[in-house]
Amino acid sequence: MTAPYIAPCGHSFCLPCVLGYLNAVAKDLNAEAERLHKSKQSGNTGCSVPSASVTCVRARCPMCSSGSSMELNAGEAMITYKDLRPLVFVPVMKVKTTTKMKFVKLHRSKGCSAPYLPLEGHRVRGSHSMQQDFPELPDGDDDSEEVTYARQYFVGLEEFSSLLQRQIRELNDYRNEPVCKMDPREEWNVSMASEAVKASQRRWLDNGVVEGFISVEMSSKLEQQQHLQNSRFVQSTTIADNQNESQVGTDVKSKSKKSSLLCHGTTYLNRCEPSASTRNETDEYAYYQSCDGQLCFISGVDVACLLNEFSLHNVLEDGATHYDRSKMPLPDEVLATVLATEDEVLTHSLMKRKPFLSHYPLGCTVTFVELDWHSGGEGGNKPLLSQRTLKRFRDELNHRKAERIRLAKKEEKADKIARAKAEKINRQRRIDLYGTDSTDGFERQTIDPDDEFFRALALSAGETEEDATTTSTFSFNQVCAENGVFPSLAPSGTLASSPPKAQTQSSWGSRTNHQSPKSPKDNFPSLSESISLNKKSVKSTSSAAKVGTSRWGVN
């Protein structure tokens, strides 16, 4: 896709395509306005006709709705030039079983649409300690790690400058392609898109006379950084490190067993402000998402295993010295093999059951994966969780394994039934066409390479291969001068052989015919002589050693 842009409805288009579409709509609107103006103001020539342009026209999204592009109805998705935003496609790995995937832990405040990484030094988004006029979204330059998991974010200054330059380069390369040069309309659309991107680049950069938008963005970013000093940042827990130091004296055997286990994280989930509620509620959500940013999350049973292995909140008492794995924070990353996948469409009921998905739009597809907790270590066969957790969830994990096996057998059975049904249909078709359903005794049509159709004409005596490949040509004047005599083909598919004394003569129509000192009329026999010669040639065809070409023929 050349210079992709996205509309508010979520559909993406090439910039030349969407500008060409808006230009066509503007032309239709101008033609309709001029027609109406002529019909109403036929006598008044002083009134001007309002004209629409690409930058101000509103049109229906060609993907969301159908019908006339000039008729706008309430509730339909609209496309305008000002609402288009540049789009960047990021390649991701396809989610499938038997592959290892990496998931990262994310925290998201209830009032914020952008999550953040609970790592040391990262800003806690959605904190109520700071009031802002704009939503707390990550920045493309400063928060490059978090923009992968955000639905919306503020594009970075350097990122936007490189994006405009890349779009100009793509449009120039596409303009030089033969497909664009062959279509004048496509070339016009590409030129219009290139001018639009160059205009955006001029407004963005400083030209020495007029201050560009980049200077305004830089000044606003400096002001924002001053306000960020009052915001809250992630602080990692230090008791985990102290407890790790207290475990130095453990035996080597127990240490080797824990080498493949998941390492605990660095931060806990923040608790809610003290209130009259007796429930243990939080102001934030914690969940695991795929590291490449696609909407792929860990299933509920795997989250339950992690919550049993680690702690979501800080339950350690001040001055605690005993190391307890169940009281440590959830791991920051999880790397495991995928056992099963389940795709679901985000609805209100799903959002109610999993409220951490409330910042995604309704109707989008999310994927939940079940992980193999015995895929740790270098060999991929060691446990990632402790035996205490695996023992507690053994029945549930075995039940899900049996369910996967049952579904696999069910799909295999359905596949066999479908194959048998297709074979039955093909058998019935063979019976209708050939009268039999047996493929063993069915004789298929084949081509015999030794068939007479593929045999080359044999050379006559004294004829070379070059003479045989020469195509015989006859002119109208030559046929008339020769008393209208044409060559005749033998009934067997081969040309009739020449008489024995014609061995030194060439085939009919060749340019190397033997010329006698007599006149051209004396070289040709009469009609009765040609008939007698033709009968002799037919009788000598079976006894001749070589098949030649006869000069004579009759009608």
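Count of the stretch 367-379 residues, restricted to those that are out of contact with any strand residue (DSSP E or B) (no Cβ under 6 Å at 6 or more places or on another chain) and touching a residue at least 60 places away in the same chain (Cβ under 8 Å), is 2. Exactly one residue out of A402, A304 is open to solvent by 20 Å² or more (accessible area, probe 1.4 Å), without any contact (Cβ under 8 Å) to a residue 40 or more places away in the chain and not acidic (D, E), and it is A402.
Would you pick out the residues in the stretch 21-40 that are of a type in the set (A, V, I, L, M, F, W, C) and either in contact with a Cys (Cβ under 6 Å, 6 or more places away or on another chain) or over 24 Å from M63 (Cα atoms) (or both)? I'd like the intermediate steps shown before the answer.
Taking the stretch 21-40 first, the residues of a type in the set (A, V, I, L, M, F, W, C) are 22, 24-26, 29, 31, 33, 36.
Hits for the stretch 21-40 are A31, A33, L36.
For residues that are hydroxyl-bearing (S, T, Y), open to solvent by 70 Å² or more (accessible area, probe 1.4 Å) and not in a helix (DSSP H, G or I), scanning just the stretch 12-51, find the one that is modelled with the highest pLDDT. Here the residue is S51.
Where in the stretch 198-311 are there helices (runs of 4 or more DSSP H), lying fully within it, with 3 or more residues that are at pLDDT below 85? Walk me through how you get there before you give the answer.
On the way: elements: 213-228, 239-245, 252-257, 300-309.
Output list reads 213-228, 239-245, 252-257.
Residues being under 24 Å from D332 (Cβ atoms) and either open to solvent by less than 40 Å² (accessible area, probe 1.4 Å) or part of a helix (DSSP H, G or I) (or both): count how many of those fall in the stretch 144-169. The number of residues fulfilling the criteria is 5. Look at the stretch 176-190: where a residue is more than 16 Å from L15 (Cβ to Cβ) and a partner is open to solvent by less than 80 Å² (accessible area, probe 1.4 Å), sitting 6+ places away or on another chain with Cβ atoms under 7 Å, you get K181/E187.
On the stretch given as the stretch 402-438, residues that are aromatic (F, W, Y) and closer than 30 Å to L339 by Cβ total 0. Looking across the stretch 332-362, the residues that are part of a strand (DSSP E or B) and either open to solvent by less than 50 Å² (accessible area, probe 1.4 Å) or over 27 Å from L119 (Cβ atoms) (or both) come down to V334, A336, T337, V338, L339, A340, T341, E342, D343, E344, V345. Of all residue pairs spaced 6 or more apart or on separate chains, those with beta-carbon atoms under 6 Å, a first member in the stretch 283-295 that is under 17 Å from E145 (Cβ atoms) and a second member that is in a loop (DSSP other than H, G, I, E, B) are D292/V92; Q294/V92.
The values are calculated or read from the model by the stated rules, or taken from the named source; none is laboratory data. Computed from a predicted model, the values in this text were never measured in an experiment. Cβ atoms come from the backbone with ideal geometry, glycine included; neighbour counts cover every protein chain shown. To get the accessible areas, we keep the full protein, side chains included, count just its heavy atoms, and leave off ligands, DNA and RNA. Shrake-Rupley method; radii C 1.70, N 1.55, O 1.52, S 1.80 Å.
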